[in-house]
1. Here are some conditions: (1) modelled with pLDDT under 95; (2) on the phi > 0 side of the Ramachandran plot; (3) not aromatic (Phe, Trp, Tyr). Ala7 meets all but one. Which one does it not meet?
2. Within the stretch 135-153, how many residues turn out to be part of a helix (DSSP H, G or I) and open to solvent by less than 50 Å² (accessible area, probe 1.4 Å)?
3. Which numbered condition in (1) touching a residue at least 24 places away in the same chain (Cβ under 8 Å); (2) near the ligand (Cβ under 8 Å from one of its atoms); (3) touching a strand residue (DSSP E or B) at 6+ places or on another chain (Cβ under 8 Å) is the only one that Met142 fails?
4. Of all residues in the stretch 91-110, count the ones that are within 21 Å of Tyr52 (Cα to Cα) and open to solvent by less than 50 Å² (accessible area, probe 1.4 Å).
Amino acid sequence: MTVPADALRLRAATAADHRFLADMLLVALNWNRDRAAFHLADIDLEPMFARYIEGWPRLGDQGAVAESSGEPVGAVWVRLFGSAEPGFGFVFADVPELSIGVRDGLRGRGVGSALMERIHRDAGAAGARRISLSVEPGNRAMALYEKLGYRVAVTRFDMVTMVKDLR
Ligand SMILES: CC(C)(COP(=O)(O)OP(=O)(O)OC[C@H]1O[C@@H](n2cnc3c(N)ncnc32)[C@H](O)[C@@H]1OP(=O)(O)O)[C@@H](O)C(=O)NCCC(=O)NCCS
């Protein structure tokens with residue numbers, strides 16, 4: 001199923017989207033319903049989570065928001081991390097790491113794919129040659145990432161780092 005093209009609008013994420021990005025980060029962290037859920041406050045309390053959105057938008061950040069009927073329904077963004085404060089999917093300081101979430105109830109309709117294709121274009125246009133991300137085994141999202149050209153680069157305990165070549 002896809003969200004009708006006329007109902008879905010993609011736009012660049014701005015500073016005003018900070019809270020929505022936090023919501024979507026929470027969606028990504030809470031992908032596994034069998035686990036205790038994280039709450040918004042946990043993002044501020046845990047530096048490994050906070051670093052994905054703190055100071056948004058920082059130099060080098062890029063993001064997109066999907067809107068349906070004027071309401072944000074999903075977001076994707078990429079951020080560069082340094083090796084001293086890496087993200088879960090860190091590979092190199094010049095490879096931005098991607099985060100994505102789509103609101104429950106609107107998944108499986110093409111929103112995530114549209115967001116990812118958009119960020120691939122935007123990041124490539126800004127000079128990125130690769131994009132990385134982190135996903136846990138068992139998350140259906142991994143199949144989507146593979147379909148979009150991501151390949152497993154590192155498997156560490158319960159985390160898989162995937163990388164897509166944008167060239
Ligand atoms: C992963 C996610 C961003 C994909 O967006 P989407 O709009 O659902 O994706 P699309 O409709 O474009 O693509 C469908 C594919 O996404 C994946 N997908 C679909 N529903 C999903 C879900 N509830 N959770 C995870 N992945 C899902 C599947 O690979 C699916 O392909 P399939 O239909 O052949 O099984 C979205 O499902 C989501 O936010 N899931 C929960 C949070 C999450 O897992 N975030 C990523 C953390 S690494």
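The values are calculated or read from the model by the stated rules, or taken from the named source; none is laboratory data. No experiment lies behind these values; they were computed from the predicted model shown. Here the Cβ positions follow ideal geometry from the backbone for every residue, glycine too, while neighbour counts run over all protein chains shown. Surface accessibility is based on the protein's heavy atoms, side chains included, excluding ligands, DNA and RNA. Shrake-Rupley method; radii C 1.70, N 1.55, O 1.52, S 1.80 Å.
1. Of (1) modelled with pLDDT under 95; (2) on the phi > 0 side of the Ramachandran plot; (3) not aromatic (Phe, Trp, Tyr), only one is false for Ala7: (2).
2. Number satisfying all stated conditions: 4.
3. Single failed check for Met142: (1).
4. Looking only at that region, the number is 9.
The rows are residues; the columns are (1) over 23 Å from Pro86 (Cβ atoms); (2) in contact (Cβ under 8 Å) with a residue 24 or more places away in the chain; (3) open to solvent by 80 Å² or more (accessible area, probe 1.4 Å); (4) touching a Lys or Arg at 6+ places or on another chain (Cβ under 7 Å).
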{"site": "Phe20", "(1), (2), (3), (4)": "yes, yes, no, no"}
{"site": "Leu26", "(1), (2), (3), (4)": "no, yes, no, no"}
{"site": "Trp31", "(1), (2), (3), (4)": "no, yes, no, no"}
{"site": "Ala37", "(1), (2), (3), (4)": "yes, no, no, no"}
{"site": "Asp44", "(1), (2), (3), (4)": "no, no, yes, no"}
{"site": "Phe49", "(1), (2), (3), (4)": "no, yes, no, no"}
{"site": "Gln62", "(1), (2), (3), (4)": "no, yes, no, no"}
{"site": "Gly70", "(1), (2), (3), (4)": "yes, no, no, no"}
